[in-house]
Amino acid sequence: MGNCQPRVDSSAFVDRNFSQETLGDDIWEDMNISYDKTDYDDLGLESSAPCHSCNLLDESSLPFFLLASILGILASGAVLFALLRPLFHWQHCADRPVLAQLAVGSALFSIVLPILAPGLGGADSGPLCHLAHLVWYGSAFAQALLIGCRACLGPTLGAGRVPGLTLMLTVGLWGAAILLALPISLVSGSSQGLCTLSRGWGTLQAIHLAACFAIFILLPLGLLGAKGLKKALNRGPCPWVDVLWAWFIFWWPHGVVLVLDSLVRSRAFLLSSCLAQQALDLLLHLAEAVAILHCVATPLLLALSCHQAASSVLPSLPLPVGQSSHQNTLGGKS
């Protein structure tokens, strides 16, 4: 999966039968200037540009996308069914509505994976690509915000102290996630059967990067810092820590590498060699592959969270009256 094309030299754009003397100094200089000003962010030149020739997620990675999509849909559907029609002891999960929304977000992400997969060649519609990118990042943003709010409001959600709190969170968080995903959706399009993003989108790019930086990087760091501070000051258990925090492991590298790649492309940070640029390209695709795997891991994390919640609640549940009196009788006889 993936390939690295050899570095392209500028002479590759000139017929080998012609030399610098044949073309003349003026013509050769004009060609060098034209070559230097070439925009390697264009889709047609991206694969042949020097220092931008390593692709991990190319057409050969189509089975990975399809397998992740199928497993994600099946796992999310099973967990969502168990939450809506409780199996075993999952009915004791007090925050089932929030967990169900996480399962829905994971399922939506899994559904749009084949649309954005390279090599499938089915994305011939611009609006479909807009919708796919909106769902891709919108579902990820919504899941991160839901986990963050659940960590801070977990006891309140479980006790049901505020009527309509879950409904307000649902509307507010999903609405915010969709708004944050709009910039990248607006710059997406279809080219040769693939969903692509136009480069150099200015303000929209800055908004998207700020959203990724805040949600994928600052949010988990803020939760960890707040937890450590609360523990150090003995000010209560908030934020609520559980296994769902592992969700950020899949998206944190994507946020970091995406910001670093944007700094390099804007020339705010310069790399020393083509090898470093190729390594960054590979890291960017690797981080995206890890982020894709969250749609398979999230249902497993949800199932583990519900199992732990049910296991902690069951021992404290009161016994039925008949069983309790029977145990008291046995205790008196002993």
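Annotations for the structure displayed:
- Model label points for I70 and F213, set 7 angstrom from Cα along the Cα-to-Cβ axis, are 4.1 nm apart.
- By the Cα gyration tensor, the range 210-277 has an equivalent ellipsoid whose semi-axes, rounded to whole angstrom, run 33, 12, 10 from largest to smallest.
- Relative contact order computed over the range 162-248 (Cα-Cα under 8 Å; 6+ residues apart), in percent: 18 percent
- Full extension of the chain segment joining D58 with N234 gains 58.3 nm, where the gain is 0.36 nm per residue of separation less the Cα-Cα distance.
Here, each number is a calculation from the coordinates, and none is a lab measurement. Since the structure is predicted, the reported quantities are computational estimates derived from the model, not experimental observations. Here the Cβ is made from the backbone with ideal geometry for all residues, glycine too, and neighbour counts use every protein chain on show.
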